[in-house]
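Quick notes on the structure that follows.
The values are calculated or read from the model by the stated rules, or taken from the named source; none is laboratory data. Every value quoted in this text rests on a predicted model; they were computed, and no experiment measured them. As a convention, Cβ positions derive from the backbone with ideal geometry for all residues, glycine included, and neighbour counts pool all protein chains shown.
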Amino acid sequence: MTVFRNAPPPEAPHHAHWPAGVPRALDVPDESLWLGLARRAETQPDEVGLDFLGRRTTWAELAEQAEALAGALQAMGVGTGDRVLLFMQNCPPFVIAFHAILRANAVVVPVNPMNRADELGHYITDSGARWAIASGDIVGELVRANDEVAPEQALQHLITFDFTDVLSADAAQRATTWPAYWRGWLLERRTRPQPKQGTRLELHEWTEVLARGQRPGELLTHGRDLAILPYTSGTTGAAKGCMHSHASLLHNALSSRWWHDLREGDVMLIVVPMFHITGMVMAMLASIRHGASIVLLPRWDRDVAAAAISQQRVTHWPNIPTMVIDLLGAPDLARYDLSSLRYIGGGGAAMPEAVATRLKQEFGLEYLEGYGLTETAAPTHNNPRGGARRQCLGIPYISTRAEVVDPDTLQPLPAGEVGEIVVSGPQLFAGYWQQPQATASAFFERDGLRWFRTGDLGRVDADGYFTMADRLKRMINASGFKVWPAEVEALLHKHPAVQEVCIIATRDPYRGESVKACIILRTDANGAPVAVTPEEVIAWCREHMAVYKVPRQVEFVTTLPRSATGKLMWRTLQAEQDARDSQGTVAKA
């Protein structure tokens, strides 16, 4: 088998804390990610690969459905390298469609299911996708977005389904144990939206498409070929596609075998979203690659999650700290058995010291914090088993080199000094889709290596452990979701009462950070501010943007600070807010 060889990084202080038995570098097979599911179907055909709220699907069934969908996609014109949008919450069709797209030699474009029509048009036009697969609860947003896209850039085929198509036959009975709002959401059969007259969009039903039993052609893709195009925003507000190959994702998926002790027969609880790089790579792909069965939840609910861990003997649970905080706050937690867990960890926000201590004292669980980005296929750093430190990003990951550098000179800084975190390793993306300038500014070369500039400020101590210090990029981290202020500002400028707006972060005791909008209102003919309340602005935002981007606070101001050249001085507002938060005026969760 052809493999990509990755040399072990040179000896460094953090290697004194390297977990026993874990290799310092991994070689990666030169192959399509599709083969992970294909091998599970070949070697464990009758074992349950996926449990979704009681609907149990074997590895062979998952692969068979993915093959049928791949054949149907190719019959609809999908060819090698074509992009296909995936727009849905966690559910079996995500796993099936993800692998079907790869089996069809195409590229997955995972889209956050919280996005609204105003945000979705960019993903259609920028990716060049002409095909999409979406769940019935949110497909209307995608159709509305597509209605506003120029015909030559619009979607041509859309496959959709209701959750009832993929739930067990006794789902209505099982629903008595679900949260009340899940019952209508998951059990409802919805009328399909009608595309605007004149568009060429053709709608297809999931069950009918699979029933065709069409077979795909030859598998043509290999390790260096483009596999996924997840989008990340930035200071400009325009979301950029991150070009990840099969090999860049496979490295980190393979690494879970060693770093997280993931092996055949284990059980992975997936409740982190799979459209996000962590849920996709370190949960879904890692489970399939190593033969761990998946217990899949569509959204977070502490009682459903606790019951799943207890009843299905879950061994691995990647998460974000807010989930753990919520779980430990359950008044009846003692009735659940969490003793099967061997791994619990995640990133996106720091785990509070008190919560980590309780996990260790009451459950014997060591929370392993990590760090990574969409551009790095999740971890570039992780805390080692047996050597985890609190409020810490951890040490450089398998096959990975990391440094703290001066942001101006890009030269390494001594231990303890604050600078930009830069990384080099096989999990790095190739660059931003059709954005050569952004790609060039994100990388630099030194010592024969290609380094990625994370944009995060941190420090490394004498032992080689990294900690976050501050933001270099203008970004808000709300419960692990990255909110880019420029993107929210662009959407808010569409509000008829908004003249100018500056988005900043507020400290949030539960979410880590939340979004605040400082707004200058338009004036009427008499020079008076337009009559609107903060609550009305927030309600408008809920209709026009993903919920995690919606401001929790809105403050009307008469001026915004600007430099001598007229540039908005957001740091001034942020510093003032930080000072208020530190004095106890904290945003409500």
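Table for the structure above
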{"item": "Count - residues of segment 445-487 that are of a type in the set (Val, Ile, Thr) and modelled with pLDDT under 90", "result": "2"}
{"item": "Close pairs from segment 167-188: first more than 21 Å from LEU50 (Cβ to Cβ), partner of a type in the set (Gly, Ala, Ser), Cβ under 6 Å, at least 6 apart", "result": "ARG183/ALA175"}
{"item": "Filter result for ILE395 (of a type in the set (A, V, I, L, M), touching a helix residue (DSSP H, G or I) at 6+ places or on another chain (Cβ under 8 Å) and part of a strand (DSSP E or B))", "result": "yes"}
{"item": "Subset of segment 436-453 (residues that are part of a strand (DSSP E or B) and under 23 Å from the mean Cα position of the chain (by Cα))", "result": "PHE443, TRP451, PHE452, ARG453"}
{"item": "Tabulated pairs, segment 121-142, first in the same structural domain as ALA72 (by TED's automatic domain parsing), second crowded, with 23+ Cβ neighbours inside 10 Å and of a type in the set (Ser, Thr, Tyr), C-beta under 6 angstrom, 6+ apart or interchain", "result": "ALA134/THR160; GLY136/THR160; VAL139/THR160"}
{"item": "Near pairs, Cβ below 8 angstrom, 6+ apart or cross-chain, from segment 70-92 (in contact (Cβ under 8 Å) with a residue 24 or more places away in the chain and within 29 Å of TRP182 (Cβ to Cβ)) to any residue that is among the basic types (Lys, Arg) and outside any helix (DSSP H, G or I)", "result": "GLN89/ARG299; ASN90/ARG299; PRO92/ARG55"}
{"item": "Subset tally (residues that are closer than 23 Å to TRP259 by Cα and of a type in the set (D, E, K, R)) for segment 324-357", "result": "2"}
{"item": "Qualifying positions in segment 26-53 - closer than 28 Å to ALA306 by Cα and over 25 Å from the mean Cα position of the chain (by Cα)", "result": "GLN44, ASP46, GLU47, VAL48"}
{"item": "Count of residues meeting criterion [outside any loop (DSSP other than H, G, I, E, B) and surrounded by 16 or more Cβ atoms within 10 Å (Cβ to Cβ)] in segment 330-349", "result": "4"}
{"item": "GLY455 being buried (at least 21 other Cβ atoms within 10 Å of the Cβ) and closer than 25 Å to TYR371 by Cβ", "result": "no"}
{"item": "Residue list for segment 175-199, restricted to those being farther than 15 Å from PHE161 by Cβ and loosely packed, with under 12 Cβ neighbours inside 10 Å", "result": "THR176, ALA180, TYR181, GLY184, GLN197, GLY198"}
{"item": "Number of the condition not met by SER424 [criteria: (1) free of Cβ contacts under 8 Å to residues at least 24 places away in the same chain; (2) within 30 Å of ASN6 (Cβ to Cβ); (3) among the polar types (S, T, N, Q)]", "result": "(1)"}
{"item": "Considering residues of segment 14-58 that are of a type in the set (Asp, Glu) and in contact (Cβ under 8 Å) with a residue 60 or more places away in the chain only, the residue nearest to LEU285 (Cα to Cα)", "result": "GLU31"}
{"item": "Residue match in segment 558-572 (condition: under 28 Å from LEU142 (Cβ atoms), outside any loop (DSSP other than H, G, I, E, B) and in contact with a strand residue (DSSP E or B) (Cβ under 6 Å, 6 or more places away or on another chain))", "result": "no"}
{"item": "Matching residues in segment 124-135 - criterion: being closer than 24 Å to SER32 by Cα and either in a loop (DSSP other than H, G, I, E, B) or of a type in the set (Ser, Thr, Tyr) (or both)", "result": "SER127, GLY128, ALA129, ARG130"}
